[in-house]
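The values are calculated or read from the model by the stated rules, or taken from the named source; none is laboratory data. On a predicted model such as this, the values are computed, not experimentally measured, just so you know. No Cβ is skipped: glycine too gets one built from the backbone with ideal geometry, and neighbour counts run over all protein chains shown.
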Amino acid sequence: MTAAAAPDPAPSGRGPGRPRNDDIDGQILAATLALVDENETPTVARIVERSGVSRAALYRRWPSITTLVATAVDRGREQPGPMPTDGDLRETLFDAFLGSADGRTDYPDERFRRRIAMAMEDRELQRAYWDSHVSRRRVPVEDFLRAGMERGVLRADLDVVACFDLLAGVFYYQLVVRGVPFDERGAQERCREALEVAWRGMLADPAGGR
């Protein structure tokens with residue numbers, strides 16, 4: 001993923017700020033994702049051939065093949081919205097993690113595994129995917145934890161970044177290290193128990209904070 005796509009001069013009549021063509025974007029992303037799903041290395045030549053879109057059109061939309069692949073492999077995943085902070089914080093947090101993990105149906109398991117493998121093989125892709133997608137997806141949970149601190153439910157000295165890593169890590173451990181699907185009963189129970197342990201450790205009053 002190290003080959004950068006060089007900028008291409010804008011065609012005549014295309015002024016600054018002209019809206020992108022969503023159809024062309026979709027063709028490029030669909031072609032890239034198809035190659036990923038087929039376990040083929042996405043290259044500019046292969047993407048151009050599969051999508052029917054010109055190199056110039058591809059180059060105008062993504063600064064490098066790495067950023068294109070990072071965008072493509074995230075298709076099918078939703079960006080979570082803000083989490084409510086006025087109710088039972090424990091229940092909200094558990095629903096956010098256990099519910100989203102259990103509902104990963106729009107993102108095929110094979111694509112998930114392929115994404116992990118590609119990222120581990122290519123540090124540049126791993127960093128691009130983190131910057132453009134992963135780091136943004138964790139914001140609602142980090143904001144939720146900060147709100148819990150402000151309410152006095154969670155410890156005032158929490159490192160919310162480290163807490164998110166802890167909470168999410170148990171789910172990735174099941175899928176990546178243990179290699180078991182989340183719908184396996186044992187995986188669900190382990191994740192729930194890990195969340196319980198983490199929650200008790202985050203509470204300002206472990207005896208009964210909500």
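Here is a yes/no grid of residues against (1) touching a Lys or Arg at 6+ places or on another chain (Cβ under 9 Å); (2) in the same structural domain as F182 (by TED's automatic domain parsing); (3) under 23 Å from V141 (Cβ atoms):
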residue	(1), (2), (3)
T32	yes, no, no
D37	yes, no, no
T43	no, no, no
S51	no, no, no
P63	no, no, no
P80	yes, no, yes
P84	no, no, yes
L98	yes, yes, yes
A117	no, yes, no
**Fill in**
When every residue in region 150-160 that is surrounded by 11 or more Cβ atoms within 10 Å (Cβ to Cβ) and aliphatic (A, V, I, L, M) is compared, the one farthest from P84 (Cα to Cα) is L158
**Asked** How about region 29-47: which of its residues are assigned to a helix (DSSP H, G or I) and polar (S, T, N, Q)?
**Response** T32
**Asked** Considering R192, R127, R146, R200, which residue is in a helix (DSSP H, G or I) and within 15 Å of the chain's Cα centre (by Cα)?
**Response** R127
**Prompt:** Hey, any hits in region 188-209 for a residue that's of a type outside the set (A, V, I, L, M, F, W, C), surrounded by fewer than 16 Cβ atoms within 10 Å (Cβ to Cβ) and touching a Lys or Arg at 6+ places or on another chain (Cβ under 8 Å)?
**Reply:** yes
**Message:** Pull out all pairs, ordered by first then second residue, where Cβ-Cβ is under 9 Å, the residues are six or more apart or on different chains, the first lies in region 119-143 and is in contact (Cβ under 8 Å) with a residue 12 or more places away in the chain, and the second is among the basic types (K, R).
**Reply:** Y129/R115; H133/R77; R137/R77
**Request:** Please work out which residue is farthest from the chain's Cα centre (by Cα), limiting yourself to region 86-108 and to residues that are modelled with pLDDT of 95 or more and over 21 Å from Y173 (Cα atoms).
**Result:** D88
**Of all residues in region 48-103 being of a type in the set (A, V, I, L, M, F, W, C) and in a loop (DSSP other than H, G, I, E, B), the one that is nearest to A198 (Cα to Cα)** = M83
